[in-house]
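The values are calculated or read from the model by the stated rules, or taken from the named source; none is laboratory data. Model, not experiment: these values are computed from the prediction. Neighbour counts are summed over all protein chains in view; Cβ atoms, including those assigned to glycine, are modelled from backbone coordinates with ideal geometry. These accessible areas exclude ligands, DNA and RNA; they are computed on the full protein's heavy atoms, side chains included. Shrake-Rupley method; radii C 1.70, N 1.55, O 1.52, S 1.80 Å.
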Amino acid sequence: MTGMDGGPILRASDFRPVSLQGVLFTKPEAFSFSRSMNAMGCLSTTFDSEPKVIGEMPDVPSEVPRLLYQSSTGEWRLSIAPARWDVVWNKPDSSRVSIAEIATKIHDTFERYRRAGKIGCMRCALVVTRVAEHPSPGRFLARHFCQDRWLSQPLNRPASFELHAHKQYELEGLTVNSWLRAKSGVMKRGKAGDEPLVLVEQDLNTPDANEILADENIRRFFQIVPPELDRILDLYFPGKP
C-alpha cells in the first residue's frame with residue numbers, strides 16, 4: 001500500500017523488534033557489591049563472557065553500573081547498579097521475534113538474580129525498539145501524524161521528524177506510564193550504506209513508589225506488558241496486511 005507521496009504506508013505488522021530492555025529499580029541503600037557478585041553464579045550460562053567489574057564507587061550516582069555482564073554472542077547484556085538493574089536483548093538484524101518470549105526470559109533472569117541476592121524491587125520498566133524500512137521516513141511520519149494544512153508549508157519536505165506521546169492509566173490492576181516515540185532514522189549497513197527507516201520506541205513502566213513490589217506483580221508486569229505494547233503500536237500504525 002502506498003501513500004499520497006508514493007511511499008509505502010507502514011502498518012504495525014511492518015515493524016520488527018531490534019531491542020528489548022527490562023529494568024528493575026531498587027533501593028540504593030540495599031545494594032551490596034559482594035552479594036551482587038555472588039548472585040551472578042546463577043546466570044553464568046546466559047552471560048558467559050568475562051564480566052566487567054567496575055567496583056564500589058561511593059561518590060558516583062547510584063544509577064551508574066558497578067557490574068557489567070554480556071553473552072558471548074553479544075545478544076544479551078546485564079548491568080547492575082545500586083539503583084537499577086538492566087537486562088537488554090539487542091539484535092539489529094533480527095528476523096521476526098516474539099517480544100513476549102524475550103520479556104519472559106528477561107523476567108526469569110531478574111527473578112533468579114533477585115532471589116539469589118535477596119533484593120526487593122520498587123518499579124519495573126519494559127522498553128522495546130522496533131524499526132521498519134522506508135525510503136522517506138521523515139516525510140512519511142509528518143504525513144501520518146499531521147493535518148494537511150501543516151504539510152503544505154512548514155512540514156512539506158522534512159528531512160527528519162519525531163513524535164513523543166505520554167499517558168498514565170490502569171492496566172489490569174497495575175498503574176503504568178506509557179511513552180511512545182516515533183522518529184526517522186537510519187540503519188548502518190557498512191559498505192552498503194545507510195538504510196532509512198522509521199524507528200518506534202515504546203516504554204511502559206510503573207510509577208515511583210515507596211513500597212516493595214510483590215513478586216506476583218513483577219511477574220504479572222512482564223506478562224501483560226508485551227501484548228499491551230503490540231496493541232498500542234497498532235493504534236498508531238493501524239491497517240490490515
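Just tell me the longest site-free run in the chain, where the sites are trypsin sites (Lys or Arg not before Pro) in a DSSP loop having at most 16 other beta-carbon atoms within 10 Å. Looking at the chain, 12-95 is the longest stretch - no exposed trypsin sites (Lys or Arg not before Pro) with at most 16 other Cβ atoms within 10 Å. Share of the chain's accessible area from carbon and sulfur, percent, 1.4 Å? Reported share for carbon and sulfur atoms: 50 percent. The solvent-accessible area of Ser79, taken with every protein chain present and a 1.4 Å probe, is close to 20 Å². At the listed q of 0.16 Å⁻¹, the Debye profile of the chain, built from one uniform point per Cα, gives log10 I(q)/I(0) equal to -1.15.
Here the 3J(HN,Hα) profile of the range 70-78, calculated from phi with Karplus coefficients 6.51, -1.76 and 1.60 at θ = phi - 60°, is 8, 7, 5, 7, x, 7, 10, 9, 9 Hz, Gly and Pro shown as x. For the range 52-108, the per residue solvent-accessible surface stands at 52 Å², with DNA, RNA and ligands left out and a 1.4 Å probe.
For n ≥ 4 DSSP H runs only, could you compute -39500 (n - 2.57) per run for the chain, divide by its residues and tell me the 222 nm figure to the nearest 500?
Working: 5 runs with 61 residues, N = 241.
Counting only the DSSP helices, I get -8000 deg cm²/dmol.
List every residue whose amide H lies under 5 Å from the amide H of Arg123, counting only residues 5 or more places away in sequence or on a different chain, with H placed 1.01 Å from N in the peptide plane. The answer is Phe25.
Glu101 contributes about 140 Å² of solvent-accessible surface, heavy atoms of the protein only, 1.4 Å probe. What's the center-to-center distance, using Cα atoms, between the range 13-89 and the range 169-231 in Å? If you average the Cα positions of each part, the centres end up 18 Å apart. Available extension along the chain between Glu216 and Asp93 is 40.9 nm, counting 0.36 nm per residue and deducting the alpha carbon span. Identify, among Pro92, Val131, Cys121, the residue whose Cα sits farthest towards the positive end of the charge dipole of the range 81-131, taking +1 on the Cβ of Lys and Arg and -1 on the Cβ of Asp and Glu, with the dipole about the Cα centre. The residue sitting most towards the positive pole is Cys121. The label point for Arg189 and the one for Lys118, both projected 7 Å from the Cα toward the Cβ, are 5.5 nm apart. Using Cα pairs under 8 angstrom and six or more residues apart, how large is the relative contact order of the chain, in percent? Once divided by the residue count of the chain, the mean separation gives 23 percent. What fraction, in whole percent, of alpha-carbon pairs in the range 1-140 exceed 22 Å separation? Result: 46 percent of Cα pairs exceed 22 Å.
Just by accessible area at a 1.4 angstrom probe, what is the order of Ser36, Ser160 from largest to smallest? The partial results should precede the final answer.
Details: Ser36 0, Ser160 80 Å².
Ranking Ser36, Ser160 by accessible area, largest first, yields Ser160, Ser36.
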